[in-house]
């Protein structure tokens, strides 16, 4: 599903009108009528009740007034609560107000708080038409009080374009926001519709065509997508019947330290279960005793050790030997943060990464990178994939976790632009940003994934897909989607919580097969 930013949405509107001749009031009429139709379709009893339309002074309010007029023409009792004086309404919204007044719908100019009491009185349904996608400041005053009353009303709420108070670019709540039962948006969805916390405020999302010029959309060529099965399925190729393991790549997982051997194992098993032909684990000697006895499918390369972690200089020397024939390096899970691991990560970026050998950096590798300076990645000769959670992202961008979560899409874009890497910001509705401006918001995953080792598995999955020679962005998109989808299957079929990273590993083949077979 394509996603628009606020600027792209404005440009779609402008081009449709100014370049391709679509009348602006026709767009408003189509939008308002689509909202009215959605109300009747979803709550047919609307026509025998009282609909309250809470309208702001801008075009969003105009859309709401068109919806009010249409519902009144169909027989509903309609009250329009206008959060402004009539003379303050301009442009197309003023025309919508004029046409509304040709009906006997009741119009209330609510310019003070006492006038808002009608919001919660005898409503069977409320239409939120206060603010649209252009909101860029916290909601205060009369509008904030109106939103509070809407949320107290205990009746269905239909939001026009986006719930008032939700930032359309980030999903952030601008002080207070309407909690809608249904959101009717126009043309294409916006990033705020699918990004938390705003996604929780939208209710069910309906996207309607209101007549934007298709040529305008072609000109904008949006690079945002809400990542769904249809988007990642083309990256899954059937294997030839005469296939052998040598065809499907060989990632080297550089991971683990004393007390953190499990991270290396989880990453390596993730690479195997996603279909890598061979998988080798490079680990500090002594950190993973008996690895190949417990997991005989894996190959192991003990590395020189210092105090339970990698000896940087001597490990680099060994990697020059054992790296031969490995077509992906994954580094970071459980390696710790030390001068040795800094030396190791720097060498992987500057010496080992190449166009034919991408590098995935996760977990402690990201913390090491933060200490080295993320711009080190500009020295990489090949593709680099970064997979930070918000805390790691904060360290990479030298800001707080709260700042990262306030604008997850912006943070992922910024790190990708600064480093040239493909960046995954993990969390609910994980965000993928690529240097070419592509931004993907993942649709899969659930709260049960909040358990140790999930990120280690994902780093191995990405390494396994890159080893199979998927393009870096394809591998990132497919890996993130299938990883979350495997967890969704467990949440449905096993239990919503209590499944482990190891359970996700075992579910990966079934999840991948379901995506390939169009069974999800």
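Every number in this text was worked out from the coordinates using simple rules, so none of it is lab data. This is a predicted model, so every value here is computed, not measured. Backbone-built Cβ (ideal geometry, glycine too); neighbour counts: all protein chains shown.
With N counted as the residues of the range 2-222, its alpha-carbon radius of gyration over 2.2 N^0.38 Å works out to 0.93. Relative to the longest principal axis of the Cα atoms of the chain, the long axis of helix 472-493 makes an angle of roughly 80 degrees.
Each Cα pair under 8 Å and six or more residues apart adds its separation to the average, and for the chain the resulting relative contact order is 12 percent. The label-point distance for residue 223 and residue 48, in a model that sets each label 7 Å from Cα toward Cβ, rounds to 5.4 nm.
Each stretch of four or more DSSP H residues adds -39500 (n - 2.57); spread over every residue of the chain, this sum gives -12000 deg cm²/dmol at 222 nm.
To the nearest ten degrees, helix 454-467 and the longest principal axis of the Cα atoms of the chain are 70 degrees apart. Between residue 103 and residue 375, the contour length at 0.36 nm per residue exceeds the Cα-Cα span by 91.7 nm. Computing FRET efficiency as 1/(1 + (r/R0)^6) for residue 115 and residue 200, where r is the C-beta to C-beta distance and R0 is 25 Å, gives about 0.25. Dividing the convex hull volume of the alpha carbon atoms of the chain by its residue count gives 155 Å³ per residue. Axis of helix 408-419 versus longest Cα principal axis of the chain: the two differ by about 40°, to the nearest ten degrees. Between residue 321 and residue 258, residue separation times 0.36 nm minus the direct Cα-Cα distance comes to 20.3 nm. Each of residue 471 and residue 181 was given a label point 7 Å from its Cα along the Cα-to-Cβ line. The distance between the two points is 4.4 nm. Neighbour counting of Cβ atoms within 10 Å sorts the residues 122, 24, fewest neighbours leading, into 122, 24.
Segment residue 233..residue 401, full-extension length gain: 57.2 nm, with 0.36 nm per residue of separation and the alpha-carbon distance subtracted.
In this simple spin-label model, placing a label point 7 Å from the Cα along the Cα-to-Cβ direction at both residue 209 and residue 247 gives a separation of 4.1 nm. Computing FRET efficiency as 1/(1 + (r/R0)^6) for residue 18 and residue 518, where r is the C-beta to C-beta distance and R0 is 41 Å, gives about 0.50. Could you grab the relative contact order for the range 2-222? Cα pairs under 8 Å, six or more apart, rounded to a whole percent. Worked out over the range 2-222, it gives 22 percent.
Among 444, 438, 419, the order by Cβ neighbours within 10 angstrom, fewest to most, reads 438, 419, 444.
Residues of the range 104-123 falling in the label zone of residue 88, defined by backbone nitrogen less than 15 Å from a point 7 Å along Cα to beta-carbon, are 108-116.
Across all directions, the average projected area of the convex hull around the alpha carbons of the range 386-520 is 8.0 nm². Of the peptides 202-208, 234-240, 145-151, the ranking by mean beta-carbon count within 10 Å, highest at the top, reads 145-151, 202-208, 234-240. The order of the peptides 128-136, 212-220 by mean Cβ neighbours within 10 Å, most packed first, is 128-136, 212-220. Does the range 248-516 classify as rounded, prolate or oblate by the C-alpha gyration tensor (a ≥ b ≥ c root eigenvalues; a/c under 1.5 gives rounded; else a/b over b/c gives prolate, otherwise oblate)? Since a/c stays below 1.5, the shape of the range 248-516 is classed as rounded.
Neighbour counts of other Cβ atoms within 10 Å put 13, 362 in the fewest-to-most order 13, 362.
Using alpha carbon centroids, what distance separates the range 15-73 and the range 377-420, in Å? Value for the Cα centre distance between the two parts: 40 Å. Treating r as the C-beta distance of residue 25 and residue 418 and R0 as 25 Å, the FRET efficiency rounds to 0.05. If I take all pairs of Cα atoms in the range 374-459, what percentage of them are more than 20 Å from each other? Within the range 374-459, distances greater than 20 Å cover 31 percent of Cα pairs.
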